[in-house]
1. Of the residues that make up region B:69-81, is at least one within 24 Å of C:LEU166 (Cα to Cα), facing another protein chain (nearest Cβ under 9 Å) and at pLDDT 95 or above?
2. Looking only at region C:108-125, decide whether some residue is in a helix (DSSP H, G or I) and more than 24 Å from C:LEU205 (Cβ to Cβ).
3. For C:LEU224, work out the one condition from (1) out of contact with any Pro (no Cβ under 7 Å at 6 or more places or on another chain); (2) within 24 Å of C:ARG88 (Cα to Cα); (3) of a type outside the set (D, E, K, R) it doesn't fulfil.
4. For region C:149-200, enumerate the residues that are outside any helix (DSSP H, G or I), more than 19 Å from C:GLU79 (Cβ to Cβ) and of a type in the set (A, V, I, L, M, F, W, C).
5. Does B:VAL91 fit the bill of being more than 10 Å from chain A (Cβ to nearest Cβ), over 18 Å from B:VAL150 (Cβ atoms) and surrounded by fewer than 22 Cβ atoms within 10 Å (Cβ to Cβ)?
6. Can you tell me which residue in region C:187-218 is nearest to C:ASP127 (Cα to Cα), limited to those that are more than 20 Å from the chain's Cα centre (by Cα) and facing chain B (nearest Cβ under 8 Å)?
7. Based on this model, can you work out whether B:VAL103 counts as under 25 Å from B:TYR40 (Cα atoms) and buried (at least 18 other Cβ atoms within 10 Å of the Cβ)?
8. With the structure loaded, tell me whether C:LEU102 is surrounded by fewer than 22 Cβ atoms within 10 Å (Cβ to Cβ) and either closer than 18 Å to C:VAL61 by Cβ or within 20 Å of the chain's Cα centre (by Cα) (or both) or whether it fails that test.
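The values are calculated or read from the model by the stated rules, or taken from the named source; none is laboratory data. Please read these numbers as outputs of a predicted model, since none were measured by experiment. When we count neighbours, we look across all protein chains shown, and the Cβ atoms used for this are built from the backbone with ideal geometry, even at glycine.
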Amino acid sequence: MNNPMYLVAGYGITFVAILAYLLHLRKRERDVDRER
Amino acid sequence: MKGQKTLGLVSLVGVGACTIFALFVLPPDRLQGEVQRLLYIHVPIAWVAMLSFFMVFLMSLLYVVQRKLKWDLMALAAVEIGVLCTALTLVLGSIWAKPTWGVWWEWDPRITTTAILLIVYIGYLIVRSMSDDPDQRARWASVIGIIGFVQVPVVYLSVFWWRSLHQPPSSPRSMASAFGTVMLLSFVAYTVAFTYLMIRRYRLAQKELAIEMRGPEEAP
Amino acid sequence: MSDLLRRASAILRKDLLTELRTRQGISAMLSFAALVLFLFSFAIGPNTALLGQLAGGLIWVAIIFTGTLSLSRAFQTEELAGGIRLLRAYPGDPRAILLGKLAGNLVLLSILEILLFPAAGILFQVDFLPHLGPLLLVAALGTFGFSIVGTFFSALTVHARARELLLPLLLFPALIPVVLGAVGATDEILKGDPLGRLAGWVQLLASYDVILFVVCLWIFPVILEE
């Protein structure tokens with residue numbers, strides 16, 4: 001119950017996933033801007 | 001563009017503040033101890049997921065009525081955020097369920113309906129990738145966006161009845177005022193973050209569509 | 001209204017005539033359904049008591065798998081002949097196409113079920129005869145729900161790449177209430193409805209049918225546009 005690994009895993013996975021989505025968006029935004 | 005940056009900054013500060021409050025400021029829960037702190041991310045993320053799918057439904061309806069591609073692009077932006085957040089909701093729920101209920105998965109109506117929604121909207125994204133014509137794509141997608149949302153209550157009810165032979169999992173619902181304040185703050189912060197992501201994704205979709213419509217022959 | 005029904009029945013008649021001329025579709029469907037029943041028995045083992053308990057679920061999964069196969073034919077035959085464009089070119093409400101195809105699907109599935117239920121009864125040693133009335137009602141509601149959503153999605157996927165994969169991907173999640181409702185109701189009927197839960201399942205199936213029928217009919221013209 002009090003094992004902090006559950007919290008690290010939960011918050012960690014969520015923020016890493018959102019960060020990865022943002023990086024993915026930024027890559028596509030740059031691709032699009034280069035093509036214009 | 002400047003407004004978008006500001007919104008991004010506000011989302012970052014808001015979500016960051018909620019996380020600090022949830023992890024370091026609030027005392028541990030009486031019954032569940034430290035793991036209960038997952039509530040402050042699980043519930044707002046689930047809220048954003050449901051909000052996204054509701055937006056998809058609205059945008060799909062608007063597309064069907066007005067036939068303007070901008071509604072389709074907004075629906076696309078919302079679906080991507082919704083799929084991401086639904087997947088995260090399930091993962092977070094699983095991580096929380098293990099120490100409290102002792103299992104990773106429970107056939108609870110809410111959990112099962114969430115998992116079904118995830119599959120439906122992944123299907124939505126796959127259907128979009130199966131056509132190169134923006135209008136055809138938009139028509140297919142809007143139809144799935146509407147039916148996918150309309151069926152939610154029926155799916156929930158059917159799983160509820162299917163499950164009702166078993167004891168439903170219990171989760172403590174009583175919350176002290178400090179908890180409530182942080183919860184409310186999280187809802188606001190994550191909704192702002194959703195708005196930021198949605199605007200950013202929508203602008204990207206607009207630009208990508210413009211390039212697609214221009215066609216390869218005119219490319220420099 | 002009567003005009004709509006007349007157009008729908010013309011499409012139904014055309015499809016049935018095409019089917020009757022070759023009988024390829026229906027015989028393939030029936031053999032496939034029989035195979036699915038055998039596969040279930042092999043997977044679960046020769047434990048007849050267990051098979052009997054699971055009969056409701058097994059029958060409905062067999063119906064849904066077989067039905068999905070026949071659905072992908074419904075619009076594909078049109079597509080091969082360039083027929084959808086022709087059908088659409090006729091004046092009048094395009095909803096007639098959905099209604100006609102839906103009726104054709106209902107006829108095919110009814111033939112399948114008339115043979116499948118007795119076959120399953122023999123293989124799994126379940127006696128359906130004493131419960132014929134309620135079973136007919138549940139089968140009708142479940143089949144209608146499956147057919148309306150199935151016809152709708154097969155019209156949607158007919159122009160898509162990889163449609164054979166896409167149709168079940170869209171269809172199965174949408175069918176979950178039908179599966180739960182039809183299996184739940186069939187199980188209750190076979191057990192003699194000890195907890196009085198049958199009415200709830202029937203209501204669920206009926207409301208699913210009504211909601212999906214209205215929504216699909218309303219939105220169908222959108223997917224036929226060009």
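1. Yes, region B:69-81 contains at least one residue that is within 24 Å of C:LEU166 (Cα to Cα), facing another protein chain (nearest Cβ under 9 Å) and at pLDDT 95 or above.
2. Yes: one or more hits.
3. Looking at each condition in turn, C:LEU224 falls short on (1).
4. C:LEU195
5. Numbers: more than 10 Å from chain A (Cβ to nearest Cβ): no; over 18 Å from B:VAL150 (Cβ atoms): yes; surrounded by fewer than 22 Cβ atoms within 10 Å (Cβ to Cβ): yes.
For B:VAL91, the condition - more than 10 Å from chain A (Cβ to nearest Cβ), over 18 Å from B:VAL150 (Cβ atoms) and surrounded by fewer than 22 Cβ atoms within 10 Å (Cβ to Cβ) - is not met.
6. Result: C:ARG197.
7. Working: under 25 Å from B:TYR40 (Cα atoms): yes; buried (at least 18 other Cβ atoms within 10 Å of the Cβ): no.
No.
8. No, not satisfied.
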